[in-house]
Amino acid sequence: MIFSTTILNRLVTTSVVTSAIAFSQVFTAIAQAETLNGAGATFPAPLYERYAREVKKKHSDLKINYQGIGSGGGIRQVIAGTVDFGGSDAAMKDDEMAKVKNGVILVPTAGGAVSVVYNLPGVNSLKLSRSTLPAIYAGQITNWNDAKIKADNPGVNLPNQPIKFVVRADGSGTTFIFTNHLSSISPYFKGRIGANTAPKWTLPNVLKGKGNPGVAALVSRTTGSIGYVEYAYANQNQLKSALIQNKQGEFIAPSLQSANTALATVTFPDNYRVFVGDPGQGYPIVGLTWMMIYKQYANASKADAIKKWVNWVLTDGQQYNDDLNYTKIPSSVVSRVLQTVNSTVKP
């Protein structure tokens with residue numbers, strides 16, 4: 001059988017066109033793949049790392065990189081425009097938001113407890129009252145067998161040794177949540193230290209750790225120490241957490257349930273910025289964490305990717321919060337946030 005040159009040319013042309021279409025589809029898929037780089041709070045870092053793994057199951061074209069550098073670092077990088085999104089447990093202040101060239105939206109993603117962790121061999125259920133805990137971190141109580149700590153813990157054999165204080169070395173939303181609570185219940189602490197991401201501590205025997213991991217590591221290996229970390233880090237490092245007295249006078253251990261109880265009555269304003277100083281029930285040292293995203297991105301691909309990411313986090317992603325001992329964002333708030341994000345974020 002003899003094929004004409006015309007038929008052969010048609011076959012070759014068809015093959016080339018088909019291949020071109022196939023390659024075009026591949027290149028389009030590659031072009032649509034997007035990497036989002038984020039940095040900030042270490043408080044939600046274990047959760048965001050889980051999110052980054054799980055989101056690929058639904059959006060294989062989306063890659064998320066998140067670096068836990070502290071809330072202060074996250075806010076600075078958002079202001080500088082060097083990340084696609086930031087993370088902070090201390091909601092941005094008005095003056096900070098005003099510095100963001102492309103505008104900013106605060107997206108609440110989770111809540112959680114801040115554990116007061118300690119390393120005292122033989123002391124398994126340390127209780128700290130509303131008067132004692134602020135006094136410890138204001139430097140008024142510096143020894144473990146102080147009369148006030150003994151009064152909170154009758155019958156407990158507290159050692160006669162100095163308290164070794166562990167605080168954050170970096171600007172920290174976890175520190176803000178902690179100091180915000182202490183400032184809410186103690187005028188002395190508020191006047192001397194105050195609610196701050198990077199307070200000027202006036203304490204003896206101070207050790208400083210970078211991020212929640214750094215504080216957890218220092219407490220773990222330092223006998224006689226006390227520190228504060230996000231609840232998930234206390235669990236991961238098998239640290240003892242003190243029972244903290246709440247507004248109702250109850251001594252409560254940090255847990256997912258007690259954090260949910262504390263955050264159940266939180267009202268979210270239009271900008272979703274909430275400061276929980278002294279909740280009426282549940283575990284008293286709790287807070288929220290936010291992603292900070294821009295209102296305007298460099299191109300449509302980046303804007304679409306950030307919307308895809310936020311929509312997933314606040315819907316499918318919330319199922320992983322419980323697994324890692326973070327509270328979920330209420331569904332009524334989620335719908336409001338997504339409406340804001342989907343209508344506001346533009347290329």
Exercise for review: Kindly report the accessible area of the chain per residue (heavy atoms of protein chains, probe 1.4 Å, no ligands, DNA or RNA), in Å².
Suggested key: 45
Revision key, fill the gap. If unit charges are put on Cβ atoms (+1 for Lys and Arg, -1 for Asp and Glu) and the dipole of the chain is taken about its Cα centre, the option from THR340, MET97, LEU207 lying farthest towards the positive end turns out to be LEU207
Check your understanding: Residue farthest toward the positive end of the dipole of the chain, with Cβ of Lys/Arg at +1 and Asp/Glu at -1: which of ILE329, ILE149, PRO279?
Key -> ILE149
Practice item. Over the chain, consider all pairs of different Cα atoms and compute the Kirkwood hydrodynamic radius from their mean reciprocal separation; express it in Å, one decimal. Key: 21.8
Check your understanding: Of all DSSP beta bridges located in the chain, what percent are antiparallel, nearest 5?
Key -> 55
Check your understanding: LYS58: which lysines have alpha carbons under 26 Å from its alpha carbon, excluding same-chain residues fewer than 8 sequence positions away?
Key -> LYS295, LYS302, LYS307, LYS308, LYS328, LYS346
Point to revise | Highest-first arrangement of 298-308, 99-109, where packing means the average Cβ count within 10 Å | key: 99-109, 298-308
Review point. Under the definition of Cα pairs under 8 Å and six or more residues apart, what whole-number percent is the relative contact order of the chain?
Key: 23
Exercise for review: Of all alpha-carbon pairs in region 138-181, indicate the percentage at a distance above 16 angstrom.
Suggested key: 53
Study note, to complete from the structure: Answer in debye to the nearest 20: the dipole magnitude of region 276-347 about its Cα centre, from +1 Lys/Arg and -1 Asp/Glu charges placed on Cβ, is 440
**Study point:** Inter-part distance where region 218-257 and region 291-346 are each reduced to a Cα centre, Å
**Key:** 30
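About the Cα centre of the chain, how large is the charge dipole given +1 on each Lys and Arg Cβ and -1 on each Asp and Glu Cβ? Please answer in debye to the nearest 20.
Computed charge dipole of the chain: roughly 380 debye.
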**Study point:** region 254-347: chymotrypsin sites (Phe, Trp or Tyr not before Pro) in DSSP loop, at most 15 other beta carbons within 10 Å
**Key:** PHE275
Check your understanding: Among residues other than ASN246 whose Cβ falls under 11 Å from its Cβ, what is the net charge (Lys/Arg +1, Asp/Glu -1)?
Key -> 0
Point to revise | Mean shadow area of region 256-335, taken as a quarter of the surface of its Cα convex hull (nm²) | key: 5.9
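In the chain, which whole DSSP H runs stretch at least 24 Å along their own axis (Cα) and average -0.5 or higher on the Kyte-Doolittle scale?
Counting only whole DSSP H runs, the qualifying helices are 5-32.
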Practice item. Report the one residue of THR35, GLN140, LEU182 whose Cα lies farthest in the direction of the positive end of the charge dipole of the chain (charges on C-beta: Lys and Arg +1, Asp and Glu -1; origin at the Cα centre). Key: GLN140
Point to revise | Magnitude of the charge dipole, region 225-347, Cβ model with Lys/Arg +1 and Asp/Glu -1, debye to 20 | key: 440
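Which percent of the accessible heavy-atom area of region 145-290 goes to carbon and sulfur, probe 1.4 angstrom?
47
The values are calculated or read from the model by the stated rules, or taken from the named source; none is laboratory data. These figures come from a predicted structure and were not determined experimentally. Backbone-built Cβ (ideal geometry, glycine too); neighbour counts: all protein chains shown. With ligands, DNA and RNA removed, areas are computed over all heavy atoms of the protein, side chains included. Shrake-Rupley method; radii C 1.70, N 1.55, O 1.52, S 1.80 Å.
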